[in-house]
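Reviewing the structure listed below.
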Amino acid sequence: MPAPLQISPSILAADFANLEAELRRIETADWAHVDVMDNHFVPNLTLGLPVVEALARVTRVPLDCHLMIEAPDRWAAGYAEAGAGSVTFHVEAAADPVATARAIRAAGARAAFAVKPGTPFAPYEELLDEVDMVLVMTVEPGFGGQSFMDDQLPKVQAVREAVGRRGGEIWVQVDGGVSADTIGRCVEAGADVLVAGSAVYGADDVPARIGELRALARRHACG
């Protein structure tokens, strides 16, 4: 794999009344995946900039913010300024994805773009020069706990192949339905950043589950 495999538990599956404690439960992870939804781009409302800023003050785990919002051009850089280590915006919502990616980087975070299941990757391949990661959604964005969409794996593979052609270190992330049953297929397709929500927070022993997912991912990366 071109980059170390990374586990990014989604706090969408955590207890929102105790987010500081829930972040402590995933301190063995590489990232904390934070889903920001505005009830416009997706039919759900979660949390926004003030909460992200508060979370950044109390966690040791870098925040991986996934913006499922309208007008990310206006808001994305603010999440980097609030302390996020990585900020992902959806190409379907961005008016100027190049400028948005550059603004995120200028604010000090890694920039990434996401594509929904129905969005092809090929028209956006040229954006690889502007980002540090591509997120392929393996469920429809908006809600946790959905079933993994195997038909998105060819898209993951296409992103990985495009990254290989261009060179450089660009991560490939998958988000949606990632579990012990599906993580191997994601890695074999080329993903190296794995977002898992209920598969992590639904476990009795969260650190052990993170370790289990990491071990499974590494096993499949080694063939």
Legend entry - Contact order relative to length of the chain, as percent, for alpha carbon pairs under 8 angstrom and 6 or more apart: 20
Legend entry - the stretch 151-223 - percent of accessible surface contributed by carbon and sulfur, probe 1.4 Å: 46
Legend entry - Peptide ranges 15-28, 60-73 listed from the most packed, as the mean C-beta count within 10 angstrom indicates: 60-73, 15-28
Inset, instruction - Find the percent of Cα-Cα distances in the stretch 136-197 that exceed 17 Å, and round it to a whole number. - result: 32
Legend entry - Per residue accessible area in Å² of the chain, where ligands, DNA and RNA are left out and the probe is 1.4 Å: 42
Legend entry - Helix-derived mean residue ellipticity, 222 nm - over the chain, DSSP H n ≥ 4, -39500 (n - 2.57), to 500: -10000 deg cm²/dmol
Inset, instruction - Could you please put R110, R102, R74 in sequence from largest to smallest accessible area, using a 1.4 Å probe? - result: R74, R102, R110
Inset, instruction - Estimate the FRET efficiency between A95 and E27 by the formula 1/(1 + (r/R0)^6), using the beta-carbon distance for r and 35 Å for R0, to the nearest 0.05. - result: 0.40
Inset, instruction - Helix by helix through the chain, keep the DSSP H runs that span 18 Å or more along the axis on Cα and average at least -0.5 on Kyte-Doolittle, and give those back in order. - result: 153-166, 206-221
Inset, instruction - Would you work out the relative contact order for the stretch 22-142, in percent, from Cα pairs under 8 angstrom that are 6 or more residues apart? - result: 21
Inset, instruction - Roll a 1.4 angstrom probe over the protein heavy atoms and tell me the percent of accessible area of the stretch 1-111 that is carbon or sulfur. - result: 50
Inset, instruction - Work out, step by step, the length gained on full extension between R218 and E140: first 0.36 nm times the residue separation, then minus their alpha carbon distance; give nm to one decimal. - result: 25.4 nm
Legend entry - the stretch 133-172 and the stretch 54-110: distance between their alpha carbon centers, rounded to Å: 18
Inset, instruction - Please find, in a Gaussian network model of the chain (springs between Cα atoms separated by less than 10 Å), the residue of A54, A80, A191 whose mean-square fluctuation is greatest. - result: A54
Legend entry - Charge dipole (debye, nearest 20) of the stretch 1-154; +1 at Cβ of Lys and Arg, -1 at Cβ of Asp and Glu: 420
Inset, instruction - With no solvent and one equal point scatterer per Cα, compute the Debye intensity ratio I(q)/I(0) for the chain at 0.08, 0.14, 0.16 Å⁻¹ and report its log10, rounded to two decimals. - result: -0.24, -0.78, -1.06
Legend entry - Amide hydrogen neighbours beyond the local backbone of Q146, cut-off 5 Å, H modeled: G177
Legend entry - the chain - share of DSSP beta bridges that are antiparallel (%, nearest 5): 5
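The values are calculated or read from the model by the stated rules, or taken from the named source; none is laboratory data. This is a predicted model, so every value here is computed, not measured. Every residue, glycine among them, receives a Cβ derived from its backbone with ideal geometry; neighbour counts consider all protein chains shown. Note: areas computed on protein heavy atoms with side chains; ligands, DNA, RNA excluded. Shrake-Rupley method; radii C 1.70, N 1.55, O 1.52, S 1.80 Å.
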